[in-house]
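Report on one structure; see the data block that follows.
The values are calculated or read from the model by the stated rules, or taken from the named source; none is laboratory data. Nothing here was measured: the structure is a model prediction, and the numbers come from that model. A quick note on method: Cβ atoms are made from the backbone with ideal geometry, for glycine too, and the neighbour counts reach across all protein chains shown.
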Amino acid sequence: MESLIELKDVYYRYQEQEDEDWVLENIDLEITAGEFIAIVGHNGSGKSTLAKLLNGILLPTQGEVRVGGKVTTEQEDLWQLRQQLGIVFQNPDNQLVANIVEEDVAFGPENLGLPSAEIRKRVDEALRLVGMTDFARAAPHKLSGGQKQRVAIAGVIAMRPDCLVFDEPTAMLDPQGRQEVVETVEHLNRQEGLTVIYITHFMEEIINADRILVFADGKVELAATPKELFTKVDKLRDLALDIPQITELAYQLSESGLDIDTNIFTSTELVEELCLLK
Ligand SMILES: Nc1ncnc2c1ncn2[C@@H]1O[C@H](COP(=O)(O)OP(=O)(O)OP(=O)(O)O)[C@@H](O)[C@H]1O
Ligand SMILES: [Mg+2]
């Protein structure tokens, strides 16, 4: 199948860094429509830079980035490319612009100059998809962090993108808000078929990803499924990355002599495994 997103031998460094190491180096990446790709990596490993390269906020110093066949350096295509690939950032407060939820979600479609009936349709649909229909007339500043972030997601969805890029969307949220956002993202990927690129520091959030890319020093250090990755406990420690708590617990129990599988990601799996012990 043809890739929706393609990075060919991409190198990047910020302008003021001419004599320094690359921020991103030799990135080759193909992402197929409908995939859920997670990206993890230590602070400063280049994850946010990659996100910005994907929609042409930044342009590669070398190499090329394509979305739906369109290359980000082609100025005339950039407008369309940005509708196709939307980005959701960390801080929901910086992403909300209006005083009423539905007006906020309508902001993008309005800028497209769409007829008002079409805008109405898109806003209703987007709010439904993130489970915020009941808050259409609410004031964003009165919402919880998780709800605000879902409104921000709705604003991007109202542009009818094929692909959503999330750059640590839960970093500023409480556990409840984190869960709401993760469930929304999974729903959009599974039920709506949106391609998802999800950057996070929380391993628990990406146990259902199709692939996890581990960035280290501007390179893709590892690419694996969650199952493959989380069992490399020592390797993850080397890369200063967390392991899902349950997997860590299973690993510790196994290290201390219990005969249990360490390939475990949920508390249910761990309980089942423990019940098998004689
Ligand atoms: N605007 C900028 N100008 C100069 N250097 C920058 C700029 N933005 C980021 N950098 C540098 O580029 C490198 C990669 O930064 P980036 O923000 O992409 O990392 P990250 O993986 O997203 O980190 P974090 O996990 O902290 O969000 C870092 O060394 C950072 O200091
Ligand atoms: Mg970042």
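Can you find even one residue in the stretch 117-125 that is within 27 Å of Val67 (Cα to Cα) and among the β-branched types (Val, Ile, Thr)? Yes - at least one qualifying residue is present in the stretch 117-125. Do the conditions hold for Ser48, that is, is it within 12 Å of ligand 1 (Cβ to nearest atom) and touching a strand residue (DSSP E or B) at 6+ places or on another chain (Cβ under 6 Å)? Yes; evaluated as a whole, the condition is true for this residue.
Check whether at least one residue in the stretch 53-67 is assigned to a helix (DSSP H, G or I) and closer than 27 Å to Arg211 by Cβ, and report yes or no. If you could, list the steps in order and put the result at the bottom.
Step one: filter the stretch 53-67 for residues assigned to a helix (DSSP H, G or I), giving 53-54.
Now narrow it down to the ones that are closer than 27 Å to Arg211 by Cβ: 53-54.
Looking through the stretch 53-67, at least one residue is assigned to a helix (DSSP H, G or I) and closer than 27 Å to Arg211 by Cβ.
Can you find a residue that is part of a helix (DSSP H, G or I), more than 15 Å from the chain's Cα centre (by Cα) and touching a residue at least 60 places away in the same chain (Cβ under 8 Å) anywhere in the stretch 98-118?
There is no residue in the stretch 98-118 that is part of a helix (DSSP H, G or I), more than 15 Å from the chain's Cα centre (by Cα) and touching a residue at least 60 places away in the same chain (Cβ under 8 Å).
Count, please, the residues in the stretch 103-155 that happen to be hydroxyl-bearing (Ser, Thr, Tyr) and touching a Gly at 6+ places or on another chain (Cβ under 8 Å). Quick ask: steps written out before the conclusion?
We begin by selecting, within the stretch 103-155, every residue hydroxyl-bearing (Ser, Thr, Tyr); these are 116, 133, 144.
From the residues that got through so far, the ones that are touching a Gly at 6+ places or on another chain (Cβ under 8 Å) too are 144.
Adding up the residues that qualify gives 1.
The single condition from (1) touching an Asp or Glu at 6+ places or on another chain (Cβ under 9 Å); (2) of a type in the set (Lys, Arg); (3) free of Cβ contacts under 8 Å to residues at least 60 places away in the same chain that Lys219 fails is (3). Across the stretch 154-213, which residue is surrounded by the most Cβ atoms within 10 Å (Cβ to Cβ) among those that are away from ligand 2 (no atom under 16 Å from the Cβ) and of a type in the set (Asp, Glu)? Filtering first and then ranking leaves Glu180.
Could you go through the stretch 216-224 and let me know if any residue there is part of a strand (DSSP E or B) and not hydrophobic (A, V, I, L, M, F, W, C). Taking every residue of the stretch 216-224 in turn, at least one turns out to be part of a strand (DSSP E or B) and not hydrophobic (A, V, I, L, M, F, W, C).
Per the listing Val71, Val97, Val65, the residue uniquely at pLDDT below 95, more than 16 Å from ligand 2 (Cβ to nearest atom) and of a type in the set (A, V, I, L, M) is Val97. The residue pairs whose first member lies in the stretch 28-52 and is more than 20 Å from Thr225 (Cα to Cα), whose second member is near ligand 2 (Cβ under 9 Å from one of its atoms), and whose beta carbons are closer than 7 Å, counting only pairs six or more residues apart or on different chains, are Ser48/Asp167; Ala51/Asp167; Ala51/Ile199. Contact map, the stretch 120-138: residues that are in a helix (DSSP H, G or I) paired with residues that are surrounded by 15 or more Cβ atoms within 10 Å (Cβ to Cβ) and of a type in the set (Val, Ile, Thr), Cβ distance under 7 Å, separation 6+ or inter-chain. Pairs shown: Val123/Val105; Ala126/Val105; Ala126/Ile157; Leu127/Val105; Leu127/Thr133; Leu129/Ile157; Phe135/Val101. The single condition among (1) within 16 Å of ligand 2 (Cβ to nearest atom); (2) at pLDDT 95 or above that His42 does not meet is (2). Counting residues in the stretch 236-251 that are farther than 15 Å from Met203 by Cα, aromatic (Phe, Trp, Tyr) and either surrounded by 14 or more Cβ atoms within 10 Å (Cβ to Cβ) or touching a Ser or Thr at 6+ places or on another chain (Cβ under 9 Å) (or both) gives one or more.
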